[in-house]
Amino acid sequence: MSYRHPIRLTFLMVLCVLLLMVTAPVAAGRAPEGRGAWWDVIPEEENPSSQYDSILYSEIAPKLREIEVNSNRVQVEVIGQSAGGRDLYLATVSAPEAMGRLGQYQAIRKMMLTDPEKAQEMIDRFGDFKVPVFINGSIHGTEYPGVDAAIRLIETLAFDDSEEVQMILENVILLVNVVQNPDGRVMGTRSNANGFDINRDFITQSQPESQATVRIMTEWNPMVVLDLHGFVNPMLIEPCTPPHNPNYEYDLYIRWALAQAEAMESELLANTGFAAQIPYRDFALGWDDWPPTYTPMYGMYHGAYGHTLETPYRDERGVDAHYWAVWGALKFAAENREAMVHDQIEIFRRGFLGLLQQPIPPELLPEFPQYEELIIQEFPTAYVIPRGEPWQTSEHQVARLVEFLLFNDVQVEQAVRPFTVDGVEYPAGSYVVWLTQPKRGLANTILDEGLDLSYIPDLFFYSPPSVWSQPFLWGVYRAEVAGPLAVTTVEIGKADAPRGSIEGNRAGAYAYYPSSITAIQATNALLVRGETLYRAHDAFADRGRDFRPGAIIVPGNPALANELANGYALDVVALDGVPDGAVALREQRIAAAVDNGGLFLLRRLGFEYDVVTRGDLNGGFDLSGYDVFINNGVHLGRLNPTGDAAVLDFFAAGGDYIGLGDWGADLAAQAGLLSFSTDYSDGNSIVRIDYAIGDGLSAGFQPEGYAFMNDSAYFFDLEDGVTVAATINDSAEFLVSGFWPGWQESGAAGLPVVIHNAEGEQDTALIGFDATFRAHPEDSFRLVANAIYAGID
């Protein structure tokens, strides 16, 4: 039995609050501090559509301001900035009488989470409410029509007085993220200024654009989410094919998502003559909703009926198609809002009460019911995230995970006193995430290890990954509790801040390990500031304690030790002095031919770098001024003779190399930097990793960890001079989850996956797995930092 004390508002209490609430309208026109008015946008060189006269990004804000000033149905606010610093605009559109009561409508939406049964009763009893519909405009910058269609929709609802418009305004609060990717629209790129596809970021939320959208999702819990894309002909309107993610309440979703898609299809055909295709209805496989990386799929965890819309044309016809498909969705939502929102709340009620998922009703099953058995999810009782040793390597990562859960509207509680699970005692203050909560699907998506799907023949994912896991890939231990859990917990609103320490006194030096991203950031910040730091390349003993290679050493400077302990919350140990053989650290000159996840890694850890592309190398780029070349994007087979020479000359001069993934390993083999043989994983998966404690590259890691394999390399036939820093776990259960067909027969168990040379002027380190994938597997980031530091002589 579990004992919980969540704060619950009764129906009468909530109703009284709503009746007494005086909510001012959103402050339209307020600009971010230190900036001018949001509608005063300085024009810049842009790359508009070549197919039609698309609105420029610099024209969007003045246009929205003009609409806002002249219509009492529209309010506009800036909800954040893009990676490139450009404003993100949210237009809220509804009947004039609703605009002053937006806070009340949000409070009603929140009641769906605090007391879903009462919320259902309220809807059945009163029926006087408006439902939020969220439209995301052109998350891919070169899919221009979505933004233009969104603005046309806002204008129509702002000024038109037709019966259809009035019906929509009376029933809907339209939330329009007008231009989700302003960087891409300006630059003419699919990605943002950081090079990220934002529509692959919603389970990681590394980018400011996805973070801003998540805030709107959690504030409003929109009933419908429409994400405007291109280009598929005939127009594609989701819902999707199998496999369906098992953390959705898919039976409730598909009941309305399919009908709404067909309403969009009908409206599109009636007004444009364009046909549409609906993957769930029309395809066997090929357009799945498995990964929660997409905007609509992420919205489904907040109860939304989510749809990606792929317009068929790049010109004005593409704008028309988006406009009329969305118009069909708005009409459908307005006409069916009461029953639709009732089922949306049922999603939350099931989670709140711990009810079982239900299969898709037979009448809603398509002709191609592949893999429907994956839909039913058995949720655990709870997840426990214990505090401190021996469970956690880094309290910083624990706090980051808890804050991530809270940011995503997942309820997190803390144990009031110590408790025991399966014979293990966890301390008071340990975090508990109960799976009897409204958004259990999202909680489980974040904290679960995932499923092994490798046994399913012919399984196809439109866009991997097939697996993700914040605890496993962010370096946080959590325990899954399947049975009864007797523990008193209290709900929290923020994570406990990590606390550092200084052990010992009267020190000649201090030591700390790179056991967290924060430790790497602190090290680099001090180096940039000009402070003297050392790295112990070898093991050493001091004051009766043994220290492993890779420890960072601070000469006897109490002020720096206090800054590390109190400013960065690191655990610092006093030493008698700097150990023999320690090497002075310095800022490295880094040339990076890596993917955008790799660049994100370097930025986040605080390394300075220059981007080097294949074109740069082929054009004669000179690497001689750099200390280390980090690579997962080029190999000699793809460079011209000039590029080959640039790379080989760098190595011949003693330049260090860090190779990431399969391409990084291939270049090392081609250049003869290390002698080894290579095999490769298939698909993508999470695997167990054993670190060689005592090797400098594994400094700060526990003996056992996890890695993300994405068509990744592992090694064998190592010759003398090659050292192993990590291997795939040597067991029949090395794969945790994901899609790697034939992994049991691969022979990968026990094989090296991180190797380097032990001696020589030229240092090479190869990390075979995908340490940078879309910035998600951040526990692996520290391996790259260790490899950079290890090359300093």
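Order 704-712, 737-745 from most to least packed using the mean count of other Cβ atoms within 10 Å.
Descending packing order for the listed peptides: 704-712, 737-745.
Enter the accessible area per residue of the range 202-262 (Å², integer; probe 1.4 Å; all protein chains in place).
So the range 202-262 comes to 16 Å² accessible per residue, rounded to a whole number.
Which far-off residues, 5 or more places away or on another chain, put their amide H under 5 Å from the one on Val172, with H placed in the peptide plane?
Amide H to amide H, under 5 Å and 5 or more residues apart or across chains, Val172 pairs with Val131.
Using a 10 Å cut-off on Cβ atoms, rank the peptides 292-301, 578-587 from the highest mean neighbour count down.
My ranking of the peptides, most packed first, is 292-301, 578-587.
Could you list the residues of the range 647-661 with an amide nitrogen less than 18 Å from a label point located 7 Å from the Cα of Asp793 in the Cα-to-C-beta direction?
648-658
For the range 519-604, what class follows from the C-alpha gyration tensor (a ≥ b ≥ c being the square roots of its eigenvalues): rounded when a/c is under 1.5, otherwise prolate if a/b is larger than b/c, else oblate?
prolate
Measuring with a 1.4 Å probe in the full set of protein chains, what accessible area per residue, in whole Å², belongs to the range 108-190?
For the range 108-190, the solvent-accessible area averages 30 Å² per residue.
Taking the mean number of other Cβ atoms within 10 Å as a proxy for protection, how do you rank 431-443, 242-254, 764-776 from highest to lowest?
So the order, starting with the most tightly packed, is 764-776, 431-443, 242-254.
For Tyr462 and Asn557, what is the calculated FRET efficiency with R₀ set at 60 Å and r taken between the beta-carbons, to the nearest 0.05?
Values: r = 54 Å, r/R0 = 0.90.
Efficiency, from the Cβ-Cβ distance: 0.65.
Report the paramagnetic label zone for Arg603: residues of the range 167-184 whose backbone N is under 15 Å from a point 7 Å from Cα along the Cα-to-Cβ axis.
Within reach of a label on Arg603, which here means backbone N under 15 Å from a point 7 Å along Cα→Cβ, the range 167-184 contributes 182-184.
What FRET efficiency would be calculated for the residue pair Glu262, Glu378, taking the C-beta separation as r and a Förster radius of 45 Å, to the nearest 0.05? It would help to have the intermediate numbers written out before the result.
On the way: r = 32 Å, r/R0 = 0.71.
After rounding to 0.05, the efficiency reads 0.90.
State the Cα centre-to-centre distance between the range 613-650 and the range 444-482 in whole Å.
Taking the Cα centre of the range 444-482 as reference, the centre of the range 613-650 is 36 Å away.
For the range 650-793, which whole-number percentage of the solvent-accessible area (1.4 Å probe, protein heavy atoms only) is attributable to carbon and sulfur atoms?
Details: 1980 of 4540 Å².
Taking all protein chains in place, the range 650-793 shows 44 percent carbon and sulfur surface.
How large a share of the accessible area of the range 338-428, in percent, is made up of carbon and sulfur atoms when the probe is 1.4 Å and the other protein chains stay in place?
Here carbon and sulfur together make up 53 percent of the probe-accessible area.
Using only Cα atoms, locate the centre of the range 547-567 and the centre of the range 137-209, then give the distance between them in Å, rounded to an integer.
Measuring centre to centre over Cα atoms gives 48 Å.
Full-extension gain between Glu59 and Leu718, please, as 0.36 nm times their residue separation minus the C-alpha to C-alpha distance.
231.3 nm
What's the FRET efficiency of Gln702 with Gln358 using the Cβ-Cβ distance as r and R₀ = 56 Å, to the nearest 0.05?
0.85
Let me know the charge dipole size of the range 310-354 about its Cα centre in debye, to the nearest 20, where only the beta-carbon of Lys, Arg (+1) and Asp, Glu (-1) is charged.
180 debye
Under 1.5 on a/c is rounded, so check that first for the range 87-203, then, if it is not, pick prolate when a/b is larger than b/c and oblate when it is not; a ≥ b ≥ c are the square roots of the alpha carbon gyration tensor eigenvalues.
Oblate, since a/c reaches 1.5 and b/c is not below a/b.
Determine the gain in length on full extension of the stretch Ala645-Ser501; use 0.36 nm per residue of separation and subtract their C-alpha separation, reporting nm with one decimal.
Answer, rounded to one decimal: 46.9 nm.
Work out, step by step, the length gained on full extension between Asp711 and Asp546: first 0.36 nm times the residue separation, then minus their alpha carbon distance; give nm to one decimal.
Here the answer is 55.6 nm.
Obtain the nm distance between the two label points defined at Gln51 and Val69 by a simple spin-label model: each point lies 7 Å from its Cα along the Cα-to-C-beta direction.
Placing both labels 7 Å along Cα→Cβ, they lie 3.3 nm apart.
If a/c stays under 1.5 just call it rounded; otherwise compare a/b with b/c (prolate if a/b is bigger, oblate if not). Do that for the chain, with a ≥ b ≥ c from the square roots of the Cα gyration tensor eigenvalues. If you can, show how the numbers build up before the last one.
Details: a/c = 1.73, a/b = 1.49, b/c = 1.17.
The shape class here is prolate.
Rolling a 1.4 angstrom probe over the protein heavy atoms, how many square angstrom per residue are accessible across the range 421-509?
Value returned for the range 421-509: 41 Å² of accessible area per residue.
Given a cut-off of under 8 Å on Cα pairs at least six residues apart, what relative contact order in percent is computed for the range 163-288?
Values: 95 pairs, mean separation 26.7, N = 126.
Relative contact order here is 21 percent.
Working from Cα positions, state the angle (0 to 90°, nearest 10) between the long axis of helix 661-671 and the longest principal axis of the chain.
40 degrees
Could you check the spin-label model distance between Glu335 and Asp682? Points 7 Å from the Cα along Cα→Cβ, value in nm.
Using points 7 Å along Cα→Cβ, the separation is 4.8 nm.
Just want to confirm a number: the relative contact order over the range 527-585, from Cα pairs under 8 angstrom separated by 6+ residues, in percent.
Worked out over the range 527-585, it gives 43 percent.
Round to the nearest 10 and give me the degree value, 0 to 90, for the angle of helix 596-605's Cα axis relative to the longest principal axis of the chain.
Roughly 70 degrees, rounded to the nearest 10.
Within the range 533-554, name every residue whose backbone N is under 20 Å away from a label modeled 7 Å from Cα of Asp580 along the Cβ vector.
534-554
Dipole of the chain, Cα-centred, from +1 at each Lys and Arg C-beta and -1 at each Asp and Glu C-beta, to the nearest 20 debye?
The dipole magnitude comes to about 2400 debye.
The values are calculated or read from the model by the stated rules, or taken from the named source; none is laboratory data. For clarity, every value in this text was computed on a predicted model and none was experimentally measured. Methodologically, a virtual Cβ is constructed for each residue, glycine included, from the backbone with ideal geometry; neighbour enumeration extends over all protein chains shown. The accessibility values were calculated without ligands, DNA or RNA, using every heavy atom of the protein model including side chains. Shrake-Rupley method; radii C 1.70, N 1.55, O 1.52, S 1.80 Å.
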